[in-house]
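*Asks:* For reference, the structure I am asking about is given below.
The values are calculated or read from the model by the stated rules, or taken from the named source; none is laboratory data. None of these values were measured; they are calculated from a predicted model. Positions of Cβ are backbone-derived with ideal geometry, glycine not excepted, and every protein chain shown enters the neighbour counts. Side chains are part of the model used for accessible areas, which takes the heavy atoms of the whole protein and leaves out ligands, DNA and RNA. Shrake-Rupley method; radii C 1.70, N 1.55, O 1.52, S 1.80 Å.
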Amino acid sequence: MTAKILLIEDDDATAAYIAKGLGEAGFTVDRADNGRDGLFLASDGSFDAIVLDRMLPAMEGMAVLGALRAAGIATPVLILSALGTPEDRVRGLTSGADDYLVKPFTFAELLARLNLLLRRAGGGGPAPVTKLMVGELEMDLLARKVRRAGRAIELQPREFRLLEYLMRHADQVVTRTMLLEGVWDYHFDPGTNVIDVHISRLRKKIDEGARPMLHTVRGAGYRLSMES
């Protein structure tokens, strides 16, 4: 049975990134962009887990959490917040949250923590995706390591995120707009060659001395594939 997640997050880019990743991992996701609507949706107890931002319009995240627990709703809650001091985390956990993840975050860690909450609650959910494979290219999302045919490839954080996106869309043409939104969280074209620079660096690292995998599709975008 597919797990149903409620995402209460006011930042559109962050919400789109999380919802897309969870959808690809097999979850059903509903989103509220403010605390009041989030509390209304969460109050029926139909969700398997809740991802809750703290700094929300209309009703602050801790108030949402307090209202849920006061109403006897025990749905597992993962707080996702830029407030990351030890005091912030302790307050969140002692107020009824089941886990606390600080922004900025990696989607792999969010997914792993969410799956752990679901297993604890007996909600099942899809098995966590911890490795991606495209041909002889392997990415370990938890260890943050990449290998091709056994050769270790050192990547910078943005290069890792770029390759992760390409691997999740293997054998598909990925447009520049998709990369700007999915990797850089831009919802506009900044008018720079940032994509070209990172693609060039990534291509040198993963294709060095081997059959090319990262292809430029003229006039369309890029494709990661073992096929030419």
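*Asks:* Is it the case that some residue within segment 160-174 is outside any loop (DSSP other than H, G, I, E, B), out of contact with any helix residue (DSSP H, G or I) (no Cβ under 7 Å at 6 or more places or on another chain) and open to solvent by 80 Å² or more (accessible area, probe 1.4 Å)?
*Replies:* Within segment 160-174 (the criterion being outside any loop (DSSP other than H, G, I, E, B), out of contact with any helix residue (DSSP H, G or I) (no Cβ under 7 Å at 6 or more places or on another chain) and open to solvent by 80 Å² or more (accessible area, probe 1.4 Å)), the answer is no, since none of the residues qualifies.
*Asks:* Could you check segment 54-96 and list, in sequence order, the residues that are over 19 Å from Lys4 (Cβ atoms) and of a type in the set (A, V, I, L, M)?
*Replies:* Met55, Leu56, Ala58, Met59, Met62, Ala63, Ala67, Ala70, Ala82, Leu83, Val90, Leu93
*Asks:* Search segment 196-215 for residues being among the charged types (D, E, K, R) and open to solvent by 50 Å² or more (accessible area, probe 1.4 Å), and hand back the single one that is nearest to Leu166 (Cα to Cα). So that I can check it myself, show each step before the final result.
*Replies:* If we filter segment 196-215 for residues that are among the charged types (D, E, K, R), which is where we start, we get 196, 201, 203-205, 207-208, 211.
Then keep just the ones that are open to solvent by 50 Å² or more (accessible area, probe 1.4 Å); that gives 196, 201, 203-205, 208, 211.
On the way: Asp196: 14, Arg201: 14, Arg203: 12, Lys204: 15, Lys205: 14, Glu208: 18, Arg211: 17 Å.
Within segment 196-215, the match that is nearest to Leu166 (Cα to Cα) is Arg203.
The rows are residues; the columns are (1) closer than 18 Å to Ile73 by Cα; (2) out of contact with any strand residue (DSSP E or B) (no Cβ under 7 Å at 6 or more places or on another chain); (3) surrounded by fewer than 20 Cβ atoms within 10 Å (Cβ to Cβ).
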| position | (1), (2), (3) |
| --- | --- |
| Glu9 | no, no, no |
| Ala13 | no, yes, yes |
| Tyr17 | no, yes, yes |
| Leu22 | no, no, no |
| Leu39 | yes, yes, no |
| Ala42 | yes, no, no |
| Asp48 | yes, no, no |
| Leu52 | yes, no, no |
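*Asks:* Among the residues of segment 74-114, write down those that are part of a loop (DSSP other than H, G, I, E, B), open to solvent by less than 50 Å² (accessible area, probe 1.4 Å) and either farther than 28 Å from Leu132 by Cβ or in contact with a helix residue (DSSP H, G or I) (Cβ under 6 Å, 6 or more places away or on another chain) (or both).
*Replies:* The answer is Thr75, Pro76, Ser95, Gly96, Ala97.
*Asks:* When you scan segment 175-228, how many residues do you find that are touching a residue at least 60 places away in the same chain (Cβ under 8 Å) and part of a helix (DSSP H, G or I)? Steps first, please.
*Replies:* Taking segment 175-228 and keeping what is touching a residue at least 60 places away in the same chain (Cβ under 8 Å), we get 181-182, 185, 187, 206, 210, 213, 224-226.
Keeping just the survivors that are part of a helix (DSSP H, G or I) gives 181-182, 206.
Summing the residues that are touching a residue at least 60 places away in the same chain (Cβ under 8 Å) and part of a helix (DSSP H, G or I) in segment 175-228 gives 3.
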